[in-house]
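Values quoted throughout were computed directly from the atomic coordinates according to the rules given, and no laboratory measurement underlies them. What you are looking at is a predicted structure, and each value in this text was computed from that prediction instead of being measured. Virtual Cβ from ideal backbone geometry, glycine too; neighbours counted across all protein chains shown.
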Amino acid sequence: MVDVPPESPDADREALAAELALNLLDGTERAQALRLCLSDPAFAAAVEAWSLRLAPLLDAIPYAEPSLRVWNAVEARIGVAAPAPVTNIAARLKAWRAGALAASAVAACLALVIAFNPVQLPRPAPPAISAAAPVAVAQLAGASDAARIAVAYDPKAGLLRVGPQALAAHGKSPELWVIPEDGVPRSLGLLAGAGVPLTVRPALRPFLHDGATLAITMEDPASAPHPGPSGKPVLTGIIASI
Amino acid sequence: MGERGGADQAERRERLSTALRQTASGDASALRQVYDMTSAKLFGICLRICGDTQAAEDVLQDVYVKVWRRAGAFDEVRASPISWLAAIARNAAVDWKRAHERHAPPTGDASLALIADDAPLADRLLEDDQFRLRLHACLDGLNTHEADAIRRTFLDGLTYQQLADRVESPLSTVKSWIRRGMMKLKGCLGDG
């Protein structure tokens, strides 16, 4: 924010977190703040804290009864969402799924906050994205919070950019999966080194939409991409577009 | 609220937390219970921010589908269940508003009136009196401009620019109201 004195970066951050939580920002400022969420878990935690801190204000709003069609529609949608072929990984993912206050872009930020612990967290740099391109983002995190990876997707180019990551190897390589609503993981390929974008096969691009889950498993690099994951994911996250 | 009300509140909150945990394990009847306990409140929020019944119902539908998918993220240590749900509803409604207001004129002034703190309300048993009272006490400690700016932006989902237009003040002025107000609020709430 240009109008905050440069000597108060903490206050500046905190104000930005509050502004994002209140949805006060638009345009470039909003996009920048959302990217900060991806690169800085402490910032993401501050955004969620603001959102929850002010929630009691909403108590002042009178209640209203929605029509019956709302529940009927919810029921139909969650019925459809329940996958016929529930794979093991899909079942496990319930426990792995990164949190989210909502599927909105701000929620993508809030989704990052899981048992927040600033001491253990590496701070991955945000993936480079051109300012003009529409992007979808996800931050992948594991249950232990020991590692986090920021992922940005440029749907125009079909490119996934993955932030710095240092996943334990033991001869295995991180393989990225997209898991859409049917619960079936599709391999997006092995993650290359930091800064090397992953080209998504055209057939898989439609799956990279808001709310889809991304997951990383450790796989044998020689036989990748695999038809299905061999183990449980080490990191998962949910896609949201900016 | 009396002692009895306090006990009811605690019990209802616990029931809602339990229903959310069961929802996270894939129990659709638990989601229905969450819906029955909270849909009137969340619909009120969506309606207020969207300003249109049809849109608010569409947003509400999305909200419960999100709750279904993400109930596992609810952590009662960090948030009361109703605050968590209300924040989801507000975010979803504001997203809708942002996506649609470019094409639609702003809603009429009637919907923008500030709600007084003592407005008569429906069932409040889910809500957390303690947090609300503390928040309102802290808001009372701000100057009128700051407190009103925060209430209006939060309850109506306004951007800085929209707030500046509404109150006919310069953008930089409303920005500093909000920022100063928010920092004071944080200090007052003492939850750092």
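Fewest-first ordering of A:71, A:50 by other beta carbons within 10 Å of each residue's beta carbon gives A:71, A:50.
Shape of the stretch B:1-106 from its Cα gyration tensor (a ≥ b ≥ c, root eigenvalues): rounded if a/c is under 1.5, otherwise prolate when a/b > b/c, or oblate? Here the stretch B:1-106 falls in the prolate category. Under the criterion of Cα pairs below 8 Å and six or more residues apart, the relative contact order for the stretch B:1-106 equals 31 percent. Taking θ as phi - 60° and the Karplus parameters 6.51, -1.76 and 1.60, the scalar couplings of the stretch A:201-214 work out to 4, x, 5, 8, 4, x, 6, 8, 10, 3, x, 6, 9, 10 Hz in sequence order, x denoting glycine and proline. Computed from the Cβ-Cβ distance with R0 of 41 Å, the FRET efficiency linking residue A:69 to residue B:25 stands at 0.90. Across all Cα atoms of the stretch B:128-192, the radius of gyration (one decimal) and Dmax (whole number) stand at 12.0, 36 Å. Ordered by the count of other Cβ atoms within 10 Å of each Cβ, fewest first, B:46, A:37 give A:37, B:46. The ranking of B:49, A:179, A:78 by Cβ neighbour count inside 10 Å, starting from the fewest, reads A:78, A:179, B:49.
A straight chain from residue B:98 to residue B:189 at 0.36 nm per residue would run longer than the Cα-Cα distance by 29.8 nm. Counting only lysines at least 8 places from residue B:184 when in the same chain, those with an alpha carbon closer than 20 Å to its own are B:175. Net length available on complete extension from residue A:230 to residue A:42 is 64.4 nm, with 0.36 nm assigned per residue and the Cα-Cα distance removed. Along Cα→Cβ, 7 Å out, is where each label goes; now give me the distance between the ones at residue B:136 and residue A:26 in nm to one decimal. Inter-label distance under the simple model: 3.2 nm. Reported to the nearest whole Å, the Cα centre-to-centre distance from the stretch B:36-83 to the stretch A:177-242 is 29. Once backbone amide H atoms are built at 1.01 Å from N, residue A:188 has A:176, A:177, A:178 as its partners under 5 Å, excluding neighbours fewer than 5 places away on the same chain.
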